[in-house]
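Before any comments, here is the structure.
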C-alpha cells in the first residue's frame, strides 16, 4: 500500500515533502516516519531525540487530523493516507 | 472571505463589504512584515488544513462575539518588509464585540493554524519559532 508523507517548514527543508512510499500492512506511524527521516541524519535529529522518541514539540497529522505523539507508535497507517509532520506553527 | 493566498488584498474594499446592516464598528487587524534586519520573509502553509482551521475560527468568533462579518486573508510565499501578512476584518454592532472578535481570531491563528514563517537575511534565513503546538494538546 502507498502513503504520502508531507513535511513542513524546517522539517521539509531537511527531508523533502510529498514523499510517496510503499509500506507493509500494519506499519505504525512512528516507524514509518523514523524510516523516512533516517535518510537525512539532520532531519532525523530534528524530529527524534537520542532515545528515538518524538520531540514533544513535533506535530503529527493523519488525513488532516491530529495524531497524539503518545499514540503514534500504535497508530497504523492505511493505504492512501496523507501523513503530515511539522514543527510548532508560527502564523499570523 | 477566508483565504490563504499569495496575492495582496484591497483592505478598503474589504471594509466597505464588511458594513453589513446593523454594523456599528469595523475593526481591521493588519499584520505586516517588520524590518528586523531581514531582506524578505517566506511563509508556508499546510493549506488544506490551515484553510479549514481559519473557517472554524471565523465561525467560532462569529458565534461568540455576534460578529456580522469576518474576513481572514493569510498570505503565503515571499513577502518584503512592509507588506501585509495577515488581514482580519470584522464587523459588529458595537465596538466591544468587534475588538474582542478580532483579538480572538488573531490569538487562535497564532495558537493552532499550520502556517510557518522564515525570515530571510543576507546570511541565510531563520525559521520563526512557534509559540504553541498545533492546538496545544488533544484535537479541538
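Bear in mind that the values in this text are calculations on the coordinates, not laboratory data. The structure presented is a predicted model; accordingly, all values stated were derived computationally and were not measured. Cβ coordinates were reconstructed from backbone atoms using ideal geometry, including for glycine residues, and neighbour counts include every protein chain displayed.
Applying Stokes-Einstein at 10 °C and 1.306 mPa s to the Kirkwood radius of chain A, computed over alpha-carbon pairs, gives a translational diffusion coefficient of 122 µm² s⁻¹.
Report, as an integer, the average count of C-beta atoms from other chains found within 10 Å of each Cβ along B:31-37. Before the final figure, lay out each step's value.
Numbers: counts 2, 0, 0, 0, 0, 0, 0.
Mean shielding by partner chains, rounded to a whole number: 0.
Across peptide A:2-10, the mean count of Cβ atoms from other chains lying within 10 Å of each residue's own Cβ comes to 3.
Out of every Cα-Cα pair in region B:2-121, what percent are more than 23 Å apart? It would help to have the intermediate numbers written out before the result.
On the way: 2106 of 7140 pairs.
Roughly 29 percent, rounded to a whole number.
Averaged across the residues of A:55-68, what count of C-beta atoms belonging to other chains lies within 10 Å of each residue's C-beta? Mind dumping the intermediate values first?
Numbers: counts 0, 1, 4, 2, 8, 1, 5, 0, 2, 6, 2, 9, 1, 3.
Mean inter-chain Cβ contacts per residue within 10 Å come to 3.
Counting each DSSP H run of 4 or more residues in chain A as -39500 (n - 2.57), what helix-only mean residue ellipticity at 222 nm follows after dividing by all residues, to the nearest 500 deg cm²/dmol?
-7000 deg cm²/dmol
Note on residue B:123 and residue B:95: their simple-model spin labels are 4.5 nm apart, each label 7 Å out from Cα toward Cβ. Each label point was placed 7 Å from the Cα along the Cα-to-Cβ direction; for residue A:38 and residue A:56 their separation is 2.7 nm. The orientation-averaged shadow of the Cα convex hull for region B:65-128, equal to a quarter of the hull surface, comes to 5.2 nm².
Determine the distance separating the Cα centre of region B:1-42 from the Cα centre of region B:52-127; give it in Å without decimals. Each part's Cα centre sits 8 Å from the other's. Share of pairwise Cα-Cα distances greater than 32 Å in the protein assembly as shown is 27 percent (whole percent).
Antiparallel beta bridges, as assigned by DSSP with both residues in chain A, represent about 75 percent of the total such bridges.
Taking the C-alpha atoms only, the angle from helix B:47-65 to the longest principal axis of chain B is near 30 degrees. Among beta bridges from DSSP that stay inside chain B, the antiparallel ones total about 90%. Once the Cα atoms are used to define both axes, helix B:95-112 deviates from the longest principal axis of chain B by about 30 degrees.
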